Structure formats: structure tokens, C-alpha cells
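The values are calculated or read from the model by the stated rules, or taken from the named source; none is laboratory data. Fair warning: this is a prediction, and the values are worked out from it, not measured in the lab. Because the Cβ atoms are built from the backbone with ideal geometry, glycine has one as well, and the counts that use them run over all protein chains shown. Please note that ligands, DNA and RNA were not included when accessible areas were found on the heavy atoms of the full protein model with its side chains. Shrake-Rupley method; radii C 1.70, N 1.55, O 1.52, S 1.80 Å.
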Amino acid sequence: MTRDMDALIIGAGFSGMYQLICLRDRLGLDVRVLEMGEGVGGTWYWNRYPGARCDSESHSYCYGFSRELLEAWEWSERYPGQAEILRYLDHVADRFDLRRSISFGTRVVGADFDAAANKWVVRTEGGDVYRVNFLITAVGCLSSANVPDLKGLEGFAGDWYHTGLWPHEGVDFSGKLVGQIGTGSTGIQSVPVIAGEAGHLTVFQRTANYSIPARNAKLTDAFKAYVKANHPDIRALMHSTPNGHPFAINPRRVFDVDDAERERLFEEGWAAGGLQFRAAFGDVLVDQAANDEAAGFIKRKIREVVTDPGTAELLADIDHPFAAKRPPIDSEYFEAFNRDNVSLVDVRSDPIAEVTATGVRLASGREFALDIIVFATGFDAMTGPLLRMDIRGRDGVRLADVWAAGPQTYLGLQVAGFPNLFTMTGPGSPSVLCNMPVAIEQHAEWIADCIGHMRANGIRTVETTAAAAEAWGREVADAANATLLPKATHSWYLGANVPGKPRVFMPYAGGMARYRAHCAEVAAGGYPGFVMGG
Ligand code: NAP
């Protein structure tokens with residue numbers, strides 16, 4: 001089948017769904033969404049691992065574009081669990097009648113720009129072809145699972161799973177010997193839940209990680225009423241903060257206060273829980289000495305919680321600044337190591353050499369018998385989901401070649417040589433450093449405004465220039481270098497978790513509020529940095 005349409009969106013997660021509303025219902029375009037999964041939800045469709053829950057507070061982890069939607073939906077907990085978020089997105093799909101414009105179970109394998117026709121020609125695995133004026137990738141930043149290339153995995157007699165591709169029917173851990181590799185945000189969420197079900201859980205830790213107690217709880221009626229009554233103010237606050245969260249970062253500096261007051265304020269942040277701890281001071285992510293204070297506080301907490309001194313030392317032996325990697329938040333993660341059926345293995349000093357038929361063998365020869373291996377090993381982030389499709393721009397140039405030394409975009413939204421292609425939450429945008437729905441709504445609206453502007457003015461192509469992308473690349477690097485973020489040299493922000501991936505700091509760390517203002521200025525100023533043609 002070959003179809004001609006105005007626009008095609010790849011992905012029906014938070015971003016693709018809202019982009020569809022913007023283009024179909026507001027601009028009246030003939031548009032389709034192609035989605036690999038059998039339902040909407042993106043990240044929340046695939047990540048069904050035990051303990052999967054969002055780190056953003058529920059009243060901020062939702063769309064804000066519709067007052068009616070905000071008022072119709074009520075969250076049950078402070079942090080929404082995977083199942084509740086999926087119910088929410090299903091509700092949005094029903095409410096805005098999105099499913100009729102989405103093809104599920106449809107994987108895009110390639111897209112070529114046909115310059116003569118000024119069309120993107122998009123191919124699906126099933127052999128369908130779409131010829132469209134605008135192509136929008138809404139493929140998510142963390143959707144390409146990273147399974148380490150471990151020797152012997154194919155011969156493992158037990159079962160293994162990646163958290164980001166979790167079976168919908170769930171996994172029965174009861175009485176099983178389970179090994180989990182990875183202690184990032186995902187692994188830190190899954191450990192306590194798997195520990196509660198498994199016969200024994202062995203956690204293979206390569207890099208120790210900070211984590212803040214989430215302090216999840218059912219929302220009270222009073223809080224729900226406060227949210228309902230204050231939507232506009234809450235949204236305004238979220239739009240004013242660098243990370244899009246509904247609480248401000250306190251501007252005071254760590255050394256503005258004396259030791260006792262600093263301890264009290266850290267305790268207050270610790271009690272508030274989650275990402276609010278990071279917001280207790282304004283300089284934690286820019287000043288190493290300030291960061292050391294926050295890091296020291298968390299390490300003391302780890303040692304207080306974990307009873308076995310050797311395990312506590314391994315968990316607190318953290319080699320990077322606090323929050324330089326995405327800071328996980330947890331429900332009883334460190335406490336889980338006090339259980340008799342949980343053990344911690346350091347695979348930094350003694351790496352995994354191979355997977356055997358019956359378990360895992362370390363370089364030293366130590367062996368662990370396992371029935372199930374859980375890979376909480378993260379993703380080929382930001383560029384992975386784009387590069388696994390064969391996208392070719394002008395003159396058949398492959399995106400993979402253009403980005404061979406690392407991604408280059410203007411505003412994270414466009415790549416030079418790829419006209420009329422928009423990359424939602426792409427590398428170079430704040431995306432993963434921001435509460436995602438806030439970043440997503442801004443992108444969807446900016447893209448829709450840009451396409452609306454083009455249609456109103458008879459413009460057929462929009463394409464950023466190499467100079468604009470290079471200049472923006474420097475801004476992205478400068479913004480990161482003004483913080484401690486690049487000091488976590490093994491972080492996925494830098495692509496360091498995927499062997500062979502170029503080390504480029506990918507998200508824009510200058511803050512969502514500043515980015516939003518910059519994008520608005522670009523649009524108001526007639527789109528400098530973009531060439532409008534035809
Ligand atoms: P991640 O942060 O990349 O963590 C992967 C973990 O696997 C790390 O501990 C890593 O160790 C380890 N690992 C990878 N390969 C390994 C190997 N060959 N041997 C031993 N260990 C290995 O991935 P993630 O935890 O899935 O989180 C990714 C991102 O998803 C988060 O940063 C966050 O943005 C998002 N997320 C959000 C939520 C939420 O909102 N609640 C929940 C989960 C995830 P090294 O550190 O040594 O590389």
C-alpha cells in the first residue's frame with residue numbers, strides 16, 4: 001500500500017499523541033501515527049518491569065494543554081505507577097479519539113527524502129509506503145534497549161529479560177534465583193520489588209549510585225483539591241523552572257549557611273523526598289564543593305540504612321558527583337540489602353566474564369547459579385531510537401553518517417540536510433533533563449506553529465543550516481560544561497554506556513525555561529537558523 005498524506009508521526013507515546021492532536025485537530029492536516037506497540041503509551045507501554053514508576057510527581061506528569069483533561073483525571077499516588085500512567089494515556093487516546101489515526105504494530109524501517117517531490121518516503125516493515133510532506137519522529141529518548149553483549153548469553157538455560165521490553169504477562173520470580181545487572185533508576189526501582197518475590201536476588205553492581213527516598217504515598221483529598229483549584233499556577237511554576245517540575249529550586253548556596261543549618265536543610269529535603277532533595281540548594285550541580293556536601297550527606301544515609309558494613313561500603317562508594325547522572329529515587333532500595341535473600345556483587349572490581357548455561361561467571365572465576373537474569377542495563381539513549389531506522393536526507397545522505405561523530409541538531413528539532421523532518425525531544429533539546437511532558441508539549445506546539453506558519457505563507461520546506469546546528473552544538477556543550485554533569489564520564493547523557501558510541505553530551509542543560517524562551521524568540525523572529533523554501 002502507498003499513501004500520500006500531509007504528515008507522519010513515528011511513535012504514539014506522550015509526544016506522538018500530542019503532536020497528533022496539534023496537527024490533526026488544530027491544523028486540520030491529514031496525518032497518521034505509526035506505532036510499533038499494540039497500544040499507545042511508548043515508554044509506559046514497554047517498561048512494565050516490577051516497580052516501574054515515574055520520578056516526576058503525578059500532578060505534573062501529565063498534559064497541561066486541556067483544562068478539561070486536567071480536571072477530569074485524578075491521580076491516586078504522589079508518583080504515578082506504570083499501570084496508572086498507561087490508563088491515563090489510554091484515557092487521553094479515547095477522549096481525543098486518537099486511535100483512528102494510529103496504525104499499531106507498525107515498525108518504520110526507513111525514510112528517504114525525495115527532493116524532487118519534496119516528500120519523505122517512509123517504509124514500514126510490513127511493506128507499506130507513506131509519502132508525506134512532514135515527518136515527525138516521536139520515538140522517545142529511552143526506547144532502544146541496551147542489552148550488553150555478554151559472552152554465552154545465547155546458551156543461558158534460564159530466562160532473561162530487559163526491563164524496557166518487559167513481558168506483558170509479567171514474570172513469576174517466586175522461589176527463583178534471580179540476578180539483576182544494573183543499578184540505575186530502573187534497577188533501583190526493581191530491586192525491592194523483585195526481592196519481595198524471589199527466592200534469592202543477586203544484584204550485580206558496576207557503578208554505585210545515589211538514590212533519594214521517593215516518599216511515595218496515596219494523594220490526600222486535600223492535595224487533590226489543591227491541584228484542581230490551582231492548575232494555572234502550578235503550570236506557570238513548572239514553566240518557570242529549569243527542570244519543569246512543580247517546585248522551585250532554592251537559590252541559596254550550600255555555603256551560605258553554617259554546618260548545622262545545612263544539615264537541617266538537607267534533612268528537610270530528604271524528608272520531602274524525591275527530586276525535591278536536589279532543589280534544596282541552587283549550586284549543587286554547578287559547584288563541586290557544594291556537591292560534595294550533598295553527596296556526603298547521602299553516603300552517610302546509605303551507611304546508616306545498610307546494616308552489613310561491607311555492603312554499605314560498596315553501595316556508598318560512589319565515583320561521580322550527585323545528580324551528574326540522572327538521580328534515581330527509590331522506595332526501600334537500600335533497605336532491600338538488609339534482607340537475607342538479597343546480596344550485592346561488585347562487578348567493577350570483578351567484571352562479568354560470561355553467562356554460562358546455569359548462571360553468571362565473573363572474571364575471577366566466581367560463579368552464581370541463576371534461574372532468571374534481569375537486565376536493568378539502560379538504553380542506547382536519544383540517538384539510538386533514531387539511528388535504528390534508516391533515515392536518509394538530501395542526496396541519500398544517511399543520518400547515521402551525519403552523526404558519526406555525535407548528534408548535531410538545531411534546538412534538538414532539526415538536522416541540516418533533512419528538510420521537513422522534526423525530531424521531537426531530540427539530542428540538543430532539554431528533554432531528559434526536564435519533566436518530559438513539559439518538554440514534549442513545548443516541542444509539539446512549536447512544530448505545529450512552524451508548520452502552520454509555513455502553510456499560511458505558502459512555504460514548502462523548512463531546513464536548518466549546518467552553521468545553525470554547529471552553533472547550537474557549541475551552546476549545548478557550553479551549557480553542560482557550566483555544570484558538573486560531564487563529570488559523570490560513564491553516563492548515558494554522554495553516550496558512554498554504549499560501546500563505540502561517540503562521547504557527546506546530548507541533552508541541552510541550559511534549562512527548559514531558557515530553552516522555551518529561545519525557541520519562542522526564533523519563531524517570533526521569522527525562524528533565523530532555518531531556511532524556508534519554495
Ligand atoms: P541506566 O541509568 O543507563 O543504568 C544502567 C545500569 O546498568 C547502570 O548501573 C550500568 O552500570 C549497568 N550496566 C550496563 N551495562 C552493564 C554491564 N555490561 N555490566 C554491568 N553493569 C552494566 O539505565 P536505567 O536505569 O534504565 O535508566 C535510564 C534512564 O531512564 C534514567 O536515567 C531515567 O532518565 C529513565 N528512567 C526513569 C524512571 C522514572 O522516571 N521513574 C525510571 C527508570 C528509568 P554503569 O553505571 O557502570 O554503566
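At a probe radius of 1.4 angstrom, the accessible area of the range 309-373 per residue rounds to 41 square angstrom.
The phi-based Karplus calculation (6.51 cos²θ - 1.76 cosθ + 1.60; θ = phi - 60°) puts the 3J(HN,Hα) values of the range 157-167 at 7, x, 10, 9, 9, 9, 4, x, 9, 6, x Hz, whole numbers, x for Gly and Pro.
Using the alpha-carbon atoms, what tilt in degrees (0 to 90, nearest 10) does helix 185-195 show relative to the longest principal axis of the chain? Tilt relative to the chain: about 50 degrees.
Axis angle, to the nearest 10 degrees, between helix 466-481 and the longest C-alpha principal axis of the chain: 20 degrees.
With each label modelled as a point 7 angstrom along the Cα→C-beta vector, the E470-F255 pair spans 3.9 nm.
Of the solvent-accessible surface of the range 212-280, computed with a 1.4 Å probe over protein heavy atoms with every protein chain present, carbon and sulfur atoms account for 57 percent. Most simply put, the chain has about 40% antiparallel DSSP beta bridges, counting only bridges with both residues inside it.
Restricting to DSSP loop positions (anything but H, G, I, E, B) with no more than 16 other Cβ atoms inside 10 Å of their own Cβ, which trypsin sites (Lys or Arg not before Pro) remain in the range 449-508?
In loop regions of the range 449-508 (DSSP not H, G, I, E or B), the sparsely surrounded trypsin sites (Lys or Arg not before Pro) are R460, R503.
Axis angle, to the nearest 10 degrees, between helix 512-524 and the longest C-alpha principal axis of the chain: 10 degrees.
Expressed as a whole percent, the accessible surface of the range 472-518 that belongs to carbon and sulfur atoms is 55, based on a 1.4 Å probe. Ranked by the mean number of other Cβ atoms within 10 Å of their residues, highest first, the peptides 182-193, 299-310, 216-227 fall in the order 182-193, 299-310, 216-227. Here the contact order of the range 28-170, divided by its residue count and restricted to Cα pairs under 8 Å and six or more residues apart, works out to 31 percent. Based on the Stokes-Einstein relation at 10 °C and a viscosity of 1.306 mPa s, and on the Kirkwood radius from alpha carbon pairs, the range 177-371 is assigned a translational diffusion coefficient of 85 µm²/s. Electrostatic bookkeeping for N435 treats Lys and Arg as +1 and Asp and Glu as -1; over the other residues with beta carbon under 11 Å from its beta carbon, the sum is -3.
The lysine pair tally for the chain, using Cα distances under 22 Å and a gap of 8 or more places or different chains, is 8.
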